Amino acid sequence: MKTPSPAILFTFQRWQVLMLQAAALVVLASCTLPAGNGGLSGASTPNVQGIYQGSYTYGSAYQKLAGQTVTFEISLQQARGSSKIKGVIKETYTGFGTLKDGFVWADITGTCEGEGGYTHLQFTKIYRHSKEPPVAYRGSLPPNSGLLAGTWYFPDKPSDSGMFQISNIHVQ
């Protein structure tokens with residue numbers, strides 16, 4: 001049997017590389033990207049961008065403050081089609097956080113996902129100008145409702161918790 005010439009061997013190897021590249025393109029093209037909703041199949045990512053009014057209530061772990069409601073304004077930003085949210089909270093001072101320009105300010109980051117007509121928000125609030133620990137929020141907005149409600153808690157100490165709500169929230 002005769003050994004192929006270097007030119008034929010080079011041509012054959014080049015053809016193999018081109019075939020592997022073509023096969024890789026076919027595989028990539030056939031893969032579907034997960035929905036922009038964190039992987040929930042068949043659901044679209046709700047957009048909740050806007051400025052809303054809300055409030056949270058201290059739970060029973062806060063003896064003197066238990067049941068007291070604190071109002072806040074929340075500004076949510078969200079890129080079209082993304083489940084990631086970020087924003088700013090401006091809340092009434094209650095002794096926690098640091099007063100700045102008459103309010104306590106915090107930054108938030110989290111996610112917004114839709115499932116079965118519900119919109120679910122979860123985010124972490126980190127106070128500015130303060131050493132207060134981050135606060136986790138989880139809530140849901142039922143279909144055809146404008147009131148998102150849920151719970152807030154400290155991840156390090158979940159017993160220190162309470163309820164919150166965001167009113168007139170609209171999903172785009």
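Quick grid of which residues meet (1) in a strand (DSSP E or B); (2) without any contact (Cβ under 8 Å) to a residue 12 or more places away in the chain; (3) closer than 18 Å to T71 by Cβ; (4) not charged (D, E, K, R):
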{"residue": "Y93", "(1), (2), (3), (4)": "no, yes, yes, yes"}
{"residue": "I108", "(1), (2), (3), (4)": "yes, no, yes, yes"}
{"residue": "Q122", "(1), (2), (3), (4)": "yes, no, no, yes"}
{"residue": "I126", "(1), (2), (3), (4)": "yes, no, no, yes"}
{"residue": "P133", "(1), (2), (3), (4)": "no, no, no, yes"}
{"residue": "S140", "(1), (2), (3), (4)": "yes, no, no, yes"}
Of the candidates E115, E91, the one satisfying the condition of being surrounded by 14 or more Cβ atoms within 10 Å (Cβ to Cβ), touching a strand residue (DSSP E or B) at 6+ places or on another chain (Cβ under 9 Å) and among the acidic types (D, E) is E91
Residue set I74, I85, I51; condition exposed (fewer than 15 other Cβ atoms within 10 Å of the Cβ), at pLDDT 95 or above and not aromatic (F, W, Y); output residue I51
Note on segment 145-172: residues part of a strand (DSSP E or B) and surrounded by fewer than 15 Cβ atoms within 10 Å (Cβ to Cβ) are K157, P158, S159, S167
Here the qualifying pairs (Cβ atoms under 7 Å; residues six or more apart or on different chains; first in segment 61-75 and touching a residue at least 60 places away in the same chain (Cβ under 8 Å); second of a type outside the set (F, W, Y)) come out as A61/S159; A61/D160; I74/G54; I74/G87; I74/I89; I74/I166
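The values are calculated or read from the model by the stated rules, or taken from the named source; none is laboratory data. Quick caveat: nothing in here was measured; it's all calculated off a predicted structure. Here Cβ is always computed from backbone atoms with ideal geometry, including for glycine, and neighbour counts include all displayed protein chains.
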